[in-house]
Amino acid sequence: MKVETVTGPISVELLGKTLIHEHFIFGYPGYQGDVTLGPFKEDEALEAAIDVAQKMMSYGVRTVVDPTPNECGRDPIFLKKISEATGLQIICATGYYYEGEGASPYFKLRQAHRTADEDIYEMFKTEITEGIAGTGIKPGVIKLASGKGKISEYEKAFFRAAARIHKETGIVILTHTQKGTMGPEQAKMLIEQGVDPNKIIIGHMCGNTDPAYHKEVMDQGVRIGFDRFGVQVVAGTPSDQERITTLLALLDEGYEDQILLAHDTVNIWLGRPVIMKEEIAKKLENWHPAHIFDNILPALKEYGITEKQIDKMLGVNAEALFAGAPAKVV
Ligand SMILES: [Zn+2]
């Protein structure tokens, strides 16, 4: 069983310790228009990204999934340079961001002309089977996303195309949920269209603090991401303490095989640097890729969570996801 990384396919069992959702570079669509004041300085960015990769590796991380959407600055060649410089295995994505914060006008025009489903499918197919924009680098996951409280008609077109190409290729599907909503609906929609639940991870589920909601998703046989540790209180996100409380409740009920941990860090912003207000910067001071290792794991251990459970949530479950091994064991 193989998975595509930015330096080529590797055996799934070589993934090792894995962060399932981190961005080396990311830009909200629109950054491309601010190049005069916010140009991409590749040498500086690469140096910073290599530092981040080496920091991750100092905690034993061997693989990072970087699910940056196509229109948010996805740059497979840049990721390949990080990987070649450090030995960190990086898996990139194909897919578009949710309607509210993505670059929706492009495929909305195609939707108006009724070719969007076919156009998105062809994009996925070409990138997955031939590579991204002539680089030969293939995505290891499809990134899907929906907004708060509903999956829009625009977003549904990507879900349909993803299900279609998944059935032909078996590629893993990783999602973005917004503010802890639509997790159950995302899983249901994909499974109804024939996607293997063992190859699905519903992301950002830790935006919701109700264990029953998480179970509603995992009981469909998919995995979930507690993948925003360090993103606290801003934009309606819960605190890390609330995340831990929710996670402990789920682990107590035996869901350790279906949960994966990460931070959803953005390590380099495309466009001009974001200057945050002091109070917000303070709340986000732990939003960096060492936070889980430095702060969250010690806290979990104090609550009695074992090394074995931690290994599952930081690697074993990722290998099982990419192998398509049964997710649900509870
Ligand atoms: Zn993300």
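List of remarks:
- Cross-chain or 6+ apart pairs with Cβ under 7 Å, the range 58-83 first and on the phi > 0 side of the Ramachandran plot, then of a type in the set (A, V, I, L, M, F, W, C): G73/I25; G73/F26; G73/L270
- The residues listed here are D252, D264; of these, the one that is modelled with pLDDT of 95 or more, within 30 Å of K215 (Cβ to Cβ) and within 16 Å of the ligand (Cβ to nearest atom) is D264.
- Residue pairs meeting the criteria (Cβ under 9 Å; at least 6 apart or on separate chains; first within 14 Å of L19 (Cα to Cα), in the range 285-309; second of a type in the set (S, T, N, Q) and open to solvent by 60 Å² or more (accessible area, probe 1.4 Å)): A290/S58; F293/S58
- Applying the criterion of at least 1 residues that are of a type in the set (F, W, Y) to the helices (runs of 4 or more DSSP H) found wholly in the range 162-275 leaves 211-218.
- Among (1) open to solvent by 40 Å² or more (accessible area, probe 1.4 Å); (2) within 28 Å of E47 (Cβ to Cβ); (3) in contact (Cβ under 8 Å) with a residue 40 or more places away in the chain - the single one G87 does not satisfy: (3)
- Unique match (being open to solvent by 30 Å² or more (accessible area, probe 1.4 Å), basic (K, R) and in contact with a Pro (Cβ under 8 Å, 6 or more places away or on another chain)) among K2, K108, K80, K17: K2
- Residue check for T175: closer than 21 Å to K215 by Cβ, of a type in the set (S, T, N, Q) and out of contact with any helix residue (DSSP H, G or I) (no Cβ under 6 Å at 6 or more places or on another chain): no
- Selection from the range 216-249 of residues that are within 14 Å of the ligand (Cβ to nearest atom) and open to solvent by less than 30 Å² (accessible area, probe 1.4 Å): G225, F226, D227, F229, G230, V231, T237
- Hits in the range 113-139 (condition: open to solvent by 60 Å² or more (accessible area, probe 1.4 Å), basic (K, R) and not in a helix (DSSP H, G or I)): R114
- Residue in the range 9-41 that is farthest from P105 (Cα to Cα), counting only those that are within 16 Å of the ligand (Cβ to nearest atom) and of a type in the set (F, W, Y): F24
The values are calculated or read from the model by the stated rules, or taken from the named source; none is laboratory data. Computed from a prediction, not measured in an experiment: that's the story for all the values here. Reconstructed Cβ throughout: ideal geometry from the backbone, glycine too, with neighbour counts over all protein chains shown. For accessibility, only protein heavy atoms count, side chains too; no ligands or nucleic acids. Shrake-Rupley method; radii C 1.70, N 1.55, O 1.52, S 1.80 Å.
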